[in-house]
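Take a look at the structure below.
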Amino acid sequence: MPLPSIRGAWLALLLLAGCAGTPPRPAVAAPAPDAPVLLLISIDGLHPDALGRGDTPHLDRIAAEGVRAEWMNPSYPVLTFPNHFTLVTGLRPDRHGIVHNTMRDAGLGEFRVADREAGARAPWWQGEPIWNAAEQAGLRTAIWAWPGNTAPIGGLRPARWVPYSPEVTAAARADEVAGWVTAPAATRPRLAALYFEHVDAAGHDHGPDAEPTRAALRAVDAAIGRILKALDAHGLAPHTDLIVVSDHGMAPVEPEQYLAVEDMAPLEEAEAVSIGQVIGFNPRPGREQAAAARLLGRHAHHECWRRQDLPPRWRYGSHPRVPAIVCQMDEGWNASPRAHLQRIPLERRKRGAHGYDPALPSMRAMFVARGPSFRSGVTVPAIDNVDVYPLLARLLGVEPAPNDGDPRALLPALKPAADAPAH
Ligand code: AMP
Ligand code: ZN
Ligand code: ZN
């Protein structure tokens, strides 16, 4: 049997990729064999002001040896899944489809963060994560629990993916990822990512500045220290670009500052698709006018808009998954079903929350980075979290997919060689 021609092989590859729904996209330049590994770490719920207070010696070291942004603006709504997918796609949630942690889609049904099956269904995720661009360019990726990593988005998944596993300690995660990025060059991923929820979880339970939250931060910082140590031991620190971000900050919540969702709109008038800080209502058929009259406008502790009338600076409301009426709680206020409020005594209510206006200082996210591509000892002005994706694409040498980020925003963080166009 004759060997297939090179053209035939390309055609077969294209067809195969076509079946998966994603045509191969070349790297901007051929990947250099000694190109640095890119490691992206997220510390959920970490406010930038928590650095430099004695809890974060390793994050402080990364910032001192590399760069930090004064702060990073999260995207609307200021929740975990929407913002994590924004960080790896450069798209606002209104464009990438993860419009809330809890959402409904006419064709797909319900999405909840805790529902693993929904999280693994590709059609929910409508952006192209950076690991897709890397894999398409022939760069191996390994992703530990970043939201979206279990779904075959566009028919592709990271070469290695670990689902969210809260039972695995921060130290054990760090050791696993340190093993990936210090493996022999032939098996080392070019892009790795790691997610820590501990600071967010403690921040909700105890408040952003409470001692248990600071203890969680110390534990996560120590875990990152294990990665730094492994890189040093293998002589790989000068060959690893390390970026540590958060998705948002955290505001303190007083236990009395809760509204019952049923007091915003009675159940028979409108259904609450999401609760918490960004409450989405769909009026019941035939009750649209009554629901609108009751909900729309300014209230004592929240404000509601029709989705098409939301403040333009939030760039939110056009995706069909956004409910008809969106209510934004004021900082420090939450809305829960009455039954939930009756069940949870005041002393057991959450003491921290996010999901408030992204312009609030309490909602700010953090960005620090160190490695061969980054300048040393530099603080750059605040960036938007959509600006991270173009940076990731540049560092990997892959063509970014269309996105909402500004590729120039993080150029002042880069060494002159790295800020030169890659093509
Ligand atoms: P939230 O604070 O509601 O925006 O969601 C953050 C919480 O979601 C974290 O504290 C984790 O407990 C949880 N979480 C994060 N990633 C995942 C995931 N991939 N699957 C399920 N739960 C997750
Ligand atoms: Zn979060
Ligand atoms: Zn949270």
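The values are calculated or read from the model by the stated rules, or taken from the named source; none is laboratory data. Note that this is a predicted model, so its numbers are computed, not measured. So basically every Cβ, Gly included, is an ideal-geometry build from the backbone, and we count neighbours across all protein chains shown. For accessibility, only protein heavy atoms count, side chains too; no ligands or nucleic acids. Shrake-Rupley method; radii C 1.70, N 1.55, O 1.52, S 1.80 Å.
Table for the structure above
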quantity: Any hit, the range 31-49, residues being β-branched (Val, Ile, Thr), crowded, with 17+ Cβ neighbours inside 10 Å and closer than 18 Å to residue 141 by Cα; calculated: yes
quantity: Residue match in the range 366-381 (condition: assigned to a loop (DSSP other than H, G, I, E, B), surrounded by fewer than 18 Cβ atoms within 10 Å (Cβ to Cβ) and among the aliphatic types (A, V, I, L, M)); calculated: no
quantity: Residues (over 18 Å from residue 41 (Cβ atoms) and open to solvent by 10 Å² or more (accessible area, probe 1.4 Å)) located in the range 174-212; calculated: 184, 185, 186, 187, 204, 205, 206, 208, 209, 210, 211, 212
quantity: Members of the range 290-303 found to be without any contact (Cβ under 8 Å) to a residue 40 or more places away in the chain and on the phi < 0 side of the Ramachandran plot, listed by number; calculated: 290, 291, 292, 293, 294, 295, 296, 298, 299, 300, 303
quantity: The range 71-116: number of residues that are within 14 Å of ligand 3 (Cβ to nearest atom) and among the acidic types (Asp, Glu); calculated: 0
quantity: Meets criteria (open to solvent by 50 Å² or more (accessible area, probe 1.4 Å) and not hydrophobic (A, V, I, L, M, F, W, C)) for residue 164; calculated: yes
quantity: The range 354-381 residues that are acidic (Asp, Glu), paired with ones that are not in a loop (DSSP other than H, G, I, E, B) (beta carbon under 9 Å, 6 or more apart); calculated: 357/314; 357/328; 357/363
quantity: Segments classed as helices (runs of 4 or more DSSP H), wholly inside the range 115-233, with at least 3 members that are in the same structural domain as residue 91 (by TED's automatic domain parsing) and in contact (Cβ under 8 Å) with a residue 60 or more places away in the chain; calculated: 130-136, 198-206, 211-233
quantity: Residue among 296, 310 that is more than 16 Å from ligand 1 (Cβ to nearest atom), at pLDDT 95 or above and open to solvent by 20 Å² or more (accessible area, probe 1.4 Å); calculated: 296
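A quick yes/no check of all residues on (1) under 26 Å from residue 103 (Cα atoms); (2) within 16 Å of ligand 3 (Cβ to nearest atom):
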{"residue": "204", "(1), (2)": "yes, yes"}
{"residue": "220", "(1), (2)": "no, yes"}
{"residue": "235", "(1), (2)": "no, no"}
{"residue": "239", "(1), (2)": "no, no"}
{"residue": "244", "(1), (2)": "no, no"}
{"residue": "248", "(1), (2)": "yes, yes"}
{"residue": "258", "(1), (2)": "yes, no"}
{"residue": "262", "(1), (2)": "yes, no"}
{"residue": "271", "(1), (2)": "yes, no"}
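A quick yes/no check of all residues on (1) open to solvent by 20 Å² or more (accessible area, probe 1.4 Å); (2) closer than 19 Å to residue 405 by Cα; (3) outside the structural domain of residue 383 (by TED's automatic domain parsing); (4) among the aromatic types (Phe, Trp, Tyr):
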{"residue": "53", "(1), (2), (3), (4)": "yes, no, no, no"}
{"residue": "57", "(1), (2), (3), (4)": "yes, no, no, no"}
{"residue": "81", "(1), (2), (3), (4)": "yes, yes, no, yes"}
{"residue": "93", "(1), (2), (3), (4)": "no, yes, no, no"}
